[in-house]
Each structure stands twice: as structure tokens, then as C-alpha cells.
Amino acid sequence: MSDIKESEEKMKKSIESLRTELATIRAGRANPHILDEVTVDYYGTPTPLNQAANISVPEARMLQIQPWDASLLKEIEKAIQIADIGLTPTNDGKMIRLIFPELTEDRRKELAKEVKKQGENAKIAIRNIRRDANDAAKKLNKDGEISDDELSNTEDDIQKMTDKFIKEIDDAIEDKTKEIMTV
């Protein structure tokens, strides 16, 4: 059934969205993904930072941003400050450095709660997709397009797919929580 494939694609997108959101949560270690949403004005065009500069991680708690064009330094610095990612850029005239401070125990717990909340939101999205897929299958059954056995098999397949994606979410939450709580 094409509805199952469509539902699976939607569930995959929900997982990708969760992974993207989790990547932007700071865990005390330098992660270039924290800058994924930052855009810089590159000759009048809003350009993602990673397309206007080389972003590297020279140390565990430092990001180094080297623009392709040195005249962009001030623009990049301003864009990072506007993005409000909780870090202050340091400009040495050639490149920008972002130093990640050590996280306090309270901040770690707060971030772990945030991770759990995002995971729950992703699970809700997956369950909503399951509900829609089951409703579509029931409608096909009611309209006489599929038999009761086919409906039962379809619902089983949808549930198995849902369980698989819920487990992926749980694993992603567990990994990110472990990363955050590791001092």
C-alpha cells in the first residue's frame, strides 16, 4: 500500500527533524551543528555560515570559523551574536573563535529535560502519523477496497513500523542525554 510507504516517509522525516534539533543542543563540547541556523549577509544575500566559512573543531570546547573572504569577519561575528546561541565570538582579525564553557550540573539536567521533551514531541508526531495511516486503512476497508484480513495485516505493519521509529527516538534521546551528562 502506498499509504504505508507515505507514512514511513513521514516518520523518517520526524526522526530527521528530531536529530537536527538534538544536534543544536550544546553538550559542553564544540559542535559545528550549533551554527547550522546562522546566516550571514554575503554581498546582500543571506547565506548559511557553513557556505561562507570553514568551521573546524581544533579543541574539544572550541569552534574556529575561518571565512573564505576576510571582509566577512565582522558580518559573521554580528550574525553569531544575533543568532543568540549563548556564546560570545572572539575575533582575532583572521578568524573567529567560539569557546564553549563547562556546563554546570543544573544546566546539564535542564538540557536533559529539554532533550526528553523534544523526544516526546517526536513520539507524538509518530503516533499521529500511525493514527492517520490506520484511519486511511479503515476507510479502504469500509469502502470495500481491502478485506478485513488485509486491514488487520496493514494495521500490524503500521504498528511494527511505529514501534521501530519509537525505538529510534528512544535511542537518540538516550545517546544525547548520555552526551550531555558526561562531564
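If you sort the three axes of the alpha carbon gyration tensor as a ≥ b ≥ c, you get a/c of 1.5 or more for the chain and a/b above b/c, which makes it prolate. Under the simplified labelling scheme, the Thr182-Arg61 pair shows an inter-label distance of 1.6 nm, with each label point 7 Å from Cα along Cα→Cβ. A simple charge model with +1 on the Cβ of Lys and Arg, -1 on the Cβ of Asp and Glu and nothing else charged puts the dipole of segment 98-173 at about 400 debye relative to its Cα centre.
Return the FRET efficiency for the residue pair Asp156, Asn121: r is the Cβ-Cβ distance, R0 is 35 Å, and the value is rounded to the nearest 0.05. Rounded to the nearest 0.05, the efficiency is 0.85. Approximating the spin labels as points 7 Å out from Cα along Cα→Cβ, the Asp175-to-Ile99 distance works out to 3.1 nm. When only Cα pairs below 8 angstrom with a gap of at least 6 residues are kept, segment 1-158 shows a relative contact order of 22 percent.
Relative to the first principal axis of the alpha-carbon coordinates of the chain, what is the inclination of helix 105-142, with its axis defined by its Cα atoms, in degrees from 0 to 90 and to the nearest 10? The angle comes out at about 30 degrees. Think of each Lys and Arg Cβ as +1 and each Asp and Glu Cβ as -1; about the Cα centre, that makes the dipole of the chain roughly 700 debye. With all protein chains in place and a 1.4 Å probe, the accessible surface of segment 68-183 carries 49 percent carbon and sulfur.
Sequence gap at least 6, Cα distance under 8 Å: using those rules, report the relative contact order of segment 100-183 to the nearest whole percent. Once divided by the residue count of segment 100-183, the mean separation gives 48 percent.
Which angle between 0 and 90 degrees, to the nearest 10, do you get for helix 73-83 versus the longest principal axis of the chain when only C-alpha atoms count? It is inclined by approximately 40 degrees. The P(r) of segment 108-183 has a tail past 14 Å containing 66 percent of all C-alpha pairs.
For the chain, the solvent-accessible area works out to 60 Å² per residue, with a probe of 1.4 Å and every protein chain left in place.
The values are calculated or read from the model by the stated rules, or taken from the named source; none is laboratory data. This one's a predicted model, so the numbers in the text were calculated from it and none came from an experiment. Note: ideal-geometry Cβ built from the backbone for every residue, glycine included; neighbour counts use all protein chains shown. Accessible surface areas use protein heavy atoms only, side chains included; no ligands, DNA or RNA. Shrake-Rupley method; radii C 1.70, N 1.55, O 1.52, S 1.80 Å.
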